[in-house]
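Notes to accompany the following structure.
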Amino acid sequence: MAASKKTNAPVEKNMNTWSGRFSEPVSELVQRYTASVSFDRRLAEYDIQGSLAHARMLAAANIIDADDLAAIQLGLGQIREEIRCGEFVWLLELEDVHLNIEKRLTALIGDAGKRLHTARSRNDQVATDIRLYLRASIDDIISLIHAMQHALLDLAEKHTDTVMPGFTHLQVAQPVVFGHHLMAYFEMLRRDVERLSDCRKRVNRLPLGAAALAGTSYPINRDRVAQELGFDGVCENSLDAVSDRDFAIEFCAAAALIMTHLSRLSEELILWMNPSFGFIDLADRFCTGSSIMPQKKNPDVPELVRGKTGRVNGHLVALLTLMKAQPLAYNKDNQEDKEPLFDTVDTLTDTLRIYADMLTGVHVNQDAMYKAAMRGYATATDLADYLVKKGLPFREAHETVAQAVRFADNNGRDLGALTLPELQQFSPLIEDDIFAVLTLEGSVNSRNHIGGTAPAQVSAAIARARKCLS
Ligand code: ARG
């Protein structure tokens, strides 16, 4: 059967594939309310891929003949081209992506097109399409996370010696190096990739063959279809295969965590860019000005990352809620899985892409970081540790240092700026080797174990991370 070159012509209004059963057409409002084609057309490539594998299996199992298969392959090939070049006419009255493609196929090749749907249902078809779509999306997202991790490593590598205050309760706590701080985000993203890879295993199972809910009486070969589509295996229960969307929920949970991590980093970038901190500046291309305050440079991109995290978290809750009261097996509720899922993928993809670029445009003000660490008595713990090493019990050392900090504070100076006699008022154990301990460099260098902030350890962590990524 030769495939026509013309695009698909509109079909008669309200003539659905199942319309023989019904005595009146649905209203326009109901049609619009129940249709999903405006958003699920995005699954078209995967729908065609799934249909081709299904048709080849049907022919191999002698359920359809070789001529039918040839016509189906030709017709689906043409439809794929029409969709790719934007010529395909999507019709709301055909409800969804599956029926639109099937109708067009039948218009192009006649009865063979009608035989494609043998031994399958839209229920196992849509579940297959989503899994194919999500598997490809997970693979893209993992490479985008890797790109962002590379950007983090490049920045961290430049700042293995850049001292900044480490915070707890957003108060200066102990000095750390900026590279160490950045590597914390590297670790978060490492776990995010692990979560996605783990989720991918459960996404990558084939629902086709479950048909509407109970399986099919045709002698199908599900393993063959699974293999052709690159699935690791088949879903083992037909009712489960068509109904659960736990794999999508799991993905959205992993996505919400990634956004949460990026939101935390965004919050820090925003704080650090505030002139009261002045730790960093972002490249102008990620910021905007104010229409009335000419001095403003607003960190819009990180603010939006923080804001969009709310929307991604919302999608997770939407999908959980969608699923929670559904009896087995397929229910139309599941059509509502797509928009939250698509938007999660889009938001996450754009965010990761923009972040990798934004990190290359971070300008670091090392001086401001250093001065902030000097101001907050960040080496007080080091003084306490020094006294403990000289024999004082930790609790007493803690109290001694608290007194010294109070004295320094009253005098408007940092601990390292006190003289030896001044320090000795608080403990006779203090000698002039104390000044090595009270410097920021001495403090960070002393935390010299795996996971610590000593520059040598941070460099080693970066080297290990690079090896992991390559
Ligand atoms: N558009 C539907 C969805 O997204 C496809 C499956 C419809 N199945 C059905 N029996 N109505 O879930």
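When you go through (1) surrounded by 15 or more Cβ atoms within 10 Å (Cβ to Cβ); (2) within 16 Å of the ligand (Cβ to nearest atom) one by one for THR381, which number turns out not to apply?
Result: THR381 fails condition (2) only.
Can you name the condition, by its number, that THR128 falls short on among (1) more than 16 Å from the ligand (Cβ to nearest atom); (2) touching a strand residue (DSSP E or B) at 6+ places or on another chain (Cβ under 8 Å); (3) not charged (D, E, K, R)?
That leaves (1) as the condition not met.
Quick one: which of ILE64, ILE79 is among the β-branched types (Val, Ile, Thr), surrounded by 20 or more Cβ atoms within 10 Å (Cβ to Cβ), more than 30 Å from VAL26 (Cα to Cα) and touching a helix residue (DSSP H, G or I) at 6+ places or on another chain (Cβ under 9 Å)?
Residue meeting the stated conditions: ILE64.
May I ask you to list pairs of residues, at least six apart or on different chains, whose Cβ atoms are under 6 Å apart, with the first in the range 209-230 being within 25 Å of ASN331 (Cα to Cα) and the second being in a helix (DSSP H, G or I) and away from the ligand (no atom under 16 Å from the Cβ)?
GLY209/ARG222; VAL225/ALA53; VAL225/MET57
How many of the residues in the range 161-208 are under 20 Å from ILE145 (Cβ atoms) and touching a Pro at 6+ places or on another chain (Cβ under 9 Å)?
Number of matching residues: 1.
If I go through the range 107-124 residue by residue, how many of them are out of contact with any Asp or Glu (no Cβ under 8 Å at 6 or more places or on another chain) and more than 14 Å from ILE64 (Cβ to Cβ)?
5
Looking at LEU76, LEU105, LEU99, can you tell me which residue is in contact with a Ser or Thr (Cβ under 7 Å, 6 or more places away or on another chain), more than 16 Å from the ligand (Cβ to nearest atom) and among the hydrophobic types (A, V, I, L, M, F, W, C)?
The conditions single out LEU76.
Of everything in the range 161-193, what is hydroxyl-bearing (Ser, Thr, Tyr) and open to solvent by less than 20 Å² (accessible area, probe 1.4 Å)? Give them in sequence order.
THR162, TYR185
I'm checking my understanding of the structure. Among residues of the range 204-214 that are surrounded by fewer than 22 Cβ atoms within 10 Å (Cβ to Cβ) and either under 30 Å from SER143 (Cβ atoms) or more than 16 Å from the ligand (Cβ to nearest atom) (or both), which one is nearest to the chain's Cα centre (by Cα)?
Among those residues, the one meeting the criterion is ASN204.
Among the numbered conditions (1) within 16 Å of the ligand (Cβ to nearest atom); (2) on the phi > 0 side of the Ramachandran plot; (3) out of contact with any Ser or Thr (no Cβ under 8 Å at 6 or more places or on another chain); (4) of a type in the set (Gly, Ala, Ser), tell me where SER121 comes up short.
(2)
Go through the range 356-410 and tell me which helices (runs of 4 or more DSSP H), entirely inside it, have 3 or more residues that are of a type in the set (A, V, I, L, M, F, W, C) and farther than 28 Å from TYR185 by Cβ.
By residue number, 380-389, 394-410.
The values are calculated or read from the model by the stated rules, or taken from the named source; none is laboratory data. Computed from a predicted structure; not experimentally measured. No Cβ is skipped: glycine too gets one built from the backbone with ideal geometry, and neighbour counts run over all protein chains shown. Just the protein is used for accessible areas: all its heavy atoms, side chains included, with ligands, DNA and RNA removed. Shrake-Rupley method; radii C 1.70, N 1.55, O 1.52, S 1.80 Å.
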